[in-house]
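The structure appears below as structure tokens.
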Amino acid sequence: MLCYIYIATEMTVTEPSTIPWLLLIFSLPTKSASQRVAIWRKLQRYGMLALRSAGHVLPNTAANQERMEWLATAIRTYKGQATVVQVQGFDDLPSEHLKQLFVEARSRDYQKLLHEAKRVLALSPSRRPGGRLNRIRRRFLELQDIDFFDNPLRGKIEKLLAQADESETAISDRKSRKKSGQYVNRLWITRPRPGIDRVSSAWLIRCFIDPKARFVFGAEPGAHPDAIPFDMFCEQGFGHRGEDCTFETLCKQFSIREKGVKRIAQIIHDADLGDEKFGRPEGLGLDKVLKGWAKQDLPDDELLQRGMDLIEGLYESLT
């Protein structure tokens, strides 16, 4: 009779430690100059660190992995080659030193932004370029998104922007008292499915008239009696006056004479009224983009925000 003896041995299975880094290695055809520039801009936007040996590295997070995979796919579409690798470590680059390189990279970005913010805030409020602080705030949010190791300069910019907010609030309060609160911290109403005149007017309102403006949509101003109508078929508020589109009406009403805004006013006029008064065809392309987005059944508020971002990009290119 045979006896089988089983010896049970307890075995401990340890989970593999988290792999801390992601590495993107890629190559593009030598003739793809424009595609190289597009990829380079994405590398900068995602905060990737270029290694001296080869490749670009990021901390291993779900968001960063998605970005790298997306970028690798784009590179392959350009007939290039790309590989995303999870890396435990680099023999010639200790993790602490690698982290420090990321901190130094963000320090350069933050220093540049800090210098720009100080230069703008040193001017009197009446002389500050319109919309510049808003662009600084947006850039700060972009940098925060790729500040993986809590750069100490972040706090300095936060403090500076907080002071700017307090200053703007004080200025808004003074304007509010001066104008009896008529156009400050208000609700503004316009027609649904905003087109080029309405999105550009909303951008102008937010950047130059009422920084905390809120927008709603409706066919009748009476639906929101406390709101200021713009580009609506009514006598109240601001709309087309004479040969002017709504954007031009707002510029004249609020004495906005900034050079970039004047150029945008000409572009919007020609695109909205189609009379070629200023010979500025650029707005026709913007108008087609807005109409294309409208066909995607985007909500009105998203359509408005996209349009405002589009105008902000136009303004940036003109200043």
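The values are calculated or read from the model by the stated rules, or taken from the named source; none is laboratory data. Bear in mind that the values here come from a model prediction, so they are computed numbers and not experimental data. Neighbour counts are summed over all protein chains in view; Cβ atoms, including those assigned to glycine, are modelled from backbone coordinates with ideal geometry. Ligands, DNA and RNA are excluded from the accessible area calculation, which covers all protein heavy atoms including side chains. Shrake-Rupley method; radii C 1.70, N 1.55, O 1.52, S 1.80 Å.
All conditions in (1) surrounded by fewer than 23 Cβ atoms within 10 Å (Cβ to Cβ); (2) in contact with an Asp or Glu (Cβ under 6 Å, 6 or more places away or on another chain) hold for residue 246, with the sole exception of (1). With respect to the conditions (1) of a type in the set (A, V, I, L, M, F, W, C); (2) at pLDDT 90 or above; (3) more than 26 Å from residue 132 (Cα to Cα), residue 233 falls short on a single one, namely (2). The number of residues in segment 104-138 that are in contact (Cβ under 8 Å) with a residue 12 or more places away in the chain and either closer than 21 Å to residue 210 by Cβ or in contact with a Lys or Arg (Cβ under 7 Å, 6 or more places away or on another chain) (or both) comes to 15. Among the numbered conditions (1) modelled with pLDDT under 90; (2) part of a loop (DSSP other than H, G, I, E, B); (3) out of contact with any His (no Cβ under 7 Å at 6 or more places or on another chain), the only one that residue 222 does not meet is (2).
Exactly one residue out of 208, 233 is open to solvent by 70 Å² or more (accessible area, probe 1.4 Å) and touching a Gly at 6+ places or on another chain (Cβ under 8 Å): that is 233.
So that you can scan it fast, the table gives a plain yes or no per residue for (1) of a type in the set (Ser, Thr, Tyr); (2) over 27 Å from residue 182 (Cα atoms); (3) assigned to a helix (DSSP H, G or I):
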site: 226; (1), (2), (3): no, no, no
site: 249; (1), (2), (3): yes, no, yes
site: 275; (1), (2), (3): no, yes, no
site: 289; (1), (2), (3): no, yes, yes
site: 293; (1), (2), (3): no, yes, yes
site: 313; (1), (2), (3): no, yes, yes
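Would you check if residue 213 is open to solvent by 60 Å² or more (accessible area, probe 1.4 Å), closer than 17 Å to residue 188 by Cβ and of a type in the set (A, V, I, L, M, F, W, C)?
So residue 213 does not fit the description; no.
Output the number of residues of segment 249-285 satisfying the condition of being open to solvent by 30 Å² or more (accessible area, probe 1.4 Å) and either out of contact with any Pro (no Cβ under 8 Å at 6 or more places or on another chain) or at pLDDT 90 or above (or both). Adding up the residues that qualify gives 22.
Among 113, 121, 153, 133, which is in contact with a Ser or Thr (Cβ under 8 Å, 6 or more places away or on another chain), closer than 30 Å to residue 308 by Cβ and open to solvent by less than 30 Å² (accessible area, probe 1.4 Å)?
Being in contact with a Ser or Thr (Cβ under 8 Å, 6 or more places away or on another chain), closer than 30 Å to residue 308 by Cβ and open to solvent by less than 30 Å² (accessible area, probe 1.4 Å) holds for just one of 113, 121, 153, 133, which is 153.
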